[in-house]
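Worksheet for the structure shown next.
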Amino acid sequence: DAGVIQSPRHEVTEMGQEVTLRCKPISGHNSLFWYRQTMMRGLELLIYFNNNVPIDDSGMPEDRFSAKMPNASFSTLKIQPSEPRDSAVYFCASINGIHPGTQYFGPGTRLLVL
Amino acid sequence: QKEVEQDPGPLSVPEGAIVSLNCTYSNSAFQYFMWYRQYSRKGPELLMYTYSSGNKEDGRFTAQVDKSSKYISLFIRDSQPSDSATYLCAMRQGGKLIFGQGTELSVKP
């Protein structure tokens, strides 16, 4: 099993640029979660999808952030325009919906906005 | 006030010590309680989960839940240097998890 796959693993960009993070959940999992982790705020849920439908996006910080899940095997998180305060590690996680707590996390994308 | 409070540490202990990690929460609707372990520069991985009040053991790890006090704990017996990581408590709210800040643990040989 390949696990949750995220790309890129590292991203360095300049303020104002568009950033797109990608996630491939584990095959057969029907829920997908995007998190942001910083030293100050810890691990925060941004948005989650169930069967490709956004269920709760209350954690998305502002309109500069958007997420899509066009099919069961792919999701994107986009930041446009990026700002230095967006610098963080972004994790994607998936679950098959039966087990309540076993979210499988990807390795994360380390984003630095200069 | 955050829904889940966890002392971020860092916590440093000698090898072989018993480690106690704790979280408090404010939402009595939480039913599932989890502990995740996160090694440096990796994603979190599920260590243990419990549903009800009481204890659950898995090898050197014991998870304890006290719903009346809204308090959960993770105990690590005979701690090893390989246990050095950040430990995050998490609680299920509907279809999502609410995480604590995480406690950074270092076990010194």
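Values in this text are rule-based calculations from the coordinates and carry no lab data. Keep in mind it's a predicted model, so treat the numbers as computed, not measured. Glycine gets a Cβ as well: all are built from the backbone with ideal geometry, and neighbour counts include every protein chain shown.
Divided by 2.2 N^0.38 Å, where N counts the residues, the Cα radius of gyration of chain B comes to 1.01. Ranked by how many other Cβ atoms sit within 10 Å of their own Cβ, fewest first, the residues A:Lys78, B:Lys96 fall in the order A:Lys78, B:Lys96.
Equivalent-ellipsoid semi-axes for segment B:58-109 (Cα gyration tensor, √(5λ), whole Å, largest first): 24, 14, 9. Taking all C-alpha pairs of segment B:36-87, those more than 17 Å from each other amount to 40 percent. Determine the alpha carbon to alpha carbon distance for each of B:Lys56/B:Lys108; B:Lys67/B:Lys108; B:Lys2/B:Lys42; A:Lys24/B:Lys70; A:Lys24/B:Lys67; A:Lys78/B:Lys108 and list only those over 30 Å. Cα-Cα > 30 Å for B:Lys67/B:Lys108; A:Lys24/B:Lys70; A:Lys24/B:Lys67; A:Lys78/B:Lys108; rest within.
Taking N as the number of residues in the protein assembly as shown, what value does Rg over Cα atoms divided by 2.2 N^0.38 Å take?
Working: Rg = 17.6 Å, N = 223, 2.2 N^0.38 = 17.2 Å.
Ratio of Rg to 2.2 N^0.38 Å for the protein assembly as shown: 1.02.
When the P(r) is computed for segment B:1-63, the part past 17 Å accounts for 53% of the Cα-Cα pairs. Could you work out how far the C-alpha centroid of segment A:57-101 sits from that of segment A:1-55, in angstrom? For segment A:57-101 versus segment A:1-55, the Cα centre distance is 4 Å.
Projecting label points 7 angstrom from Cα along Cα→Cβ for A:Leu114 and A:Asp57 puts them 3.1 nm apart. GNM on chain A, alpha-carbon springs under 10 angstrom: the most fluctuating residue among A:Ile26, A:Ile55, A:Ile79 is A:Ile55. Taken residue by residue and averaged, Cβ atoms of other chains lying within 10 Å of the Cβ of B:90-100 number 5.
Placing a pseudo-label 7 Å from each Cα along the Cα-to-Cβ vector at B:Ser52 and B:Asp66 gives an inter-label distance of 1.9 nm.
Segment B:1-31 and segment B:40-74 have Cα centres lying 10 Å from one another. Quick check: from the Cα gyration tensor, does segment A:1-87 come out rounded (a/c under 1.5), prolate or oblate? Because a/c hits 1.5 or more and a/b exceeds b/c, segment A:1-87 counts as prolate. Simple spin-label estimate for A:Ser7 and A:Met39 gives 3.1 nm between the two label positions (7 Å along the Cα-to-Cβ direction from each Cα).
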